[in-house]
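Down below is the structure, laid out as structure tokens.
The values are calculated or read from the model by the stated rules, or taken from the named source; none is laboratory data. Owing to the predicted nature of the structure, the values given are computational and were not obtained by experimental measurement. Don't worry about glycine lacking a Cβ; one is built from the backbone with ideal geometry, like all the others, and counts go over all protein chains shown. Note: areas computed on protein heavy atoms with side chains; ligands, DNA, RNA excluded. Shrake-Rupley method; radii C 1.70, N 1.55, O 1.52, S 1.80 Å.
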Amino acid sequence: MGGFSVARYAPEQGAWSKLTARDSLVRRLDWPLLMASLALSFIGMLLVYSATRGRTSLTHGDPYYFLLRHAMNTGIGFALMIGTIWLGHRTLRGAVPILFGLSVLMILAVLSPLGQTVNGAHAWIVIGGGFSLQPSEFTKITIILGMAMILASRVDAGDQEHPDHRTVAKALGVAAIPILIIMLMPDLGSVMVIAMIVLGVLLASGASNRWVVGLIGTGVVGAIGVWKAGLLDEYQIARFAAFANPALDPAGVGYNTNQARIAIGSGGLHGTGLFHGSQTTGQFVPEQQTDFVFTVAGEELGFLGAGLILVLLGIVLWRACRIARETTELYGTIVAAGIIAWFAFQAFENIGMTLGIMPVAGLPLPFVSYGGSSMFAVWVAIGLLQSIRVQRPMSA
């Protein structure tokens, strides 16, 4: 069933029916969700431009290099959202095995000679022409769709009231495959996000609470085991050590977080003004266009501007929660819940690490940070949410 299936008119009604179908689709879109997402992407363009315009070593002498690419990534992401709405989440449900298989092949390719290491994580594929791809971003989507398809199949068919233990075990097995591959990269940040996605999916599915408690317990035991076994890379251990002791090596491993807090603290209530932040123009904060983009908002837009980003993210999550609650099919509810868990945790981790309340994990701020893979993935997620909304029954 495609994205235009919401119309209540027969195909033989001709051009008027098609026009009415389009009007119906436009009316049924969640406009607060769409506008908040666009606003975040626009703010991201300004912050990315401010963070990179003076970094000639990165921009090759073109101050608009990252601005134009961020705008292009947003445009491509928006087109992917439209395509997702047109196809519809129900149509994609039938293609989940193919999409999941492709995503697994992509993250396996990262472990091949095609992969590239960035900031300690061997998580990228170099395409050429200055472009690279981070397949783990798309894996988040396919895990959500794959688990939702398995957990909701018999419930939506009316055979069960809740997923049984065998179904839950099968869904967790599907998620375990890409998680294990991503851990080999290692990309601890993506593993953390996927773990939160799996937890959110299970909570929304109506599965037994024993699975949720068991998953949390397994995660805690597994984290301790990985630490004790020395499976973490040196740079990951150093990040956790700097988080536990902010005064540790302020000129080395603790430099990023210390400079991030200085930048945010210097902004005050109203900020120093867009493009006028001394920490930003002085290039004191590394990776400021990606992982630490929130520091630009804190310094140049102040508490009020940074708060606006939080409000917009809150609107996205609020509208996603409403979509999850109002859909009449478990499949749609689970997909929406997985996206909520993804956005909420990733935003909390990104902003938290700039404030020193979370360890540095190398995760972008949804819609705001520079990065094509992340931007494409979050806009596809918005397309899934919009599809769930527009394809619900007219009486809902």
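Could you give the accessible area per residue of the range 94-203, probe 1.4 Å, as a whole number in Å²?
Values: 4760 Å² over 110 residues.
Solvent-accessible surface per residue comes out at 43 Å².
Over the range 27-156, what percent of the accessible surface lies on carbon and sulfur atoms, probe 1.4 Å? Solvent-exposed carbon and sulfur of the range 27-156 make up 73 percent of the total.
Is the shape of the range 20-113 best called rounded, prolate or oblate, per the rule: a/c under 1.5 gives rounded, else a/b larger than b/c gives prolate, else oblate, with a ≥ b ≥ c the square roots of the Cα gyration tensor eigenvalues?
oblate
For the range 65-206, how big is the tail of P(r) above 20 Å, as a whole percent of Cα pairs? Cα-Cα pairs of the range 65-206 separated by over 20 Å account for 55 percent. Spatial offset of the range 139-206 relative to the range 26-91 amounts to 28 Å, using the alpha carbon center of each. Protein heavy-atom accessible surface, 1.4 Å probe, per residue over the range 245-396: 33 Å².
Extension gain for Arg28 to Ile224 (0.36 nm times residue separation, less C-alpha to C-alpha distance): 65.9 nm.
Taking all protein chains in place and a 1.4 Å probe, what share, in percent, of the accessible surface of the range 169-226 do carbon and sulfur account for?
Values: 2070 of 2600 Å².
Carbon-and-sulfur percentage of accessible area, whole number: 80.
Restricting the calculation to alpha carbons of the range 299-396 gives Rg and Dmax of 15.0, 47 angstrom. Counting 0.36 nm for each residue step from Asp164 to Ser208 and taking away their Cα separation leaves a gain of 15.0 nm.
Mind giving me the FRET efficiency for Thr117 and Leu269? R0 is 41 Å, r the Cβ-Cβ distance, nearest 0.05 is fine. Could you put the intermediate results ahead of the total?
Values: r = 41 Å, r/R0 = 0.99.
Calculated transfer efficiency: 0.50.
Convex hull volume of the Cα atoms of the range 304-348, normalised per residue: 44 Å³.
Projecting the Cα atoms of Pro286, Ser369, Gly332 onto the charge dipole of the range 282-383 (Cβ charges, centred on the Cα centre) puts Gly332 farthest toward the positive pole.
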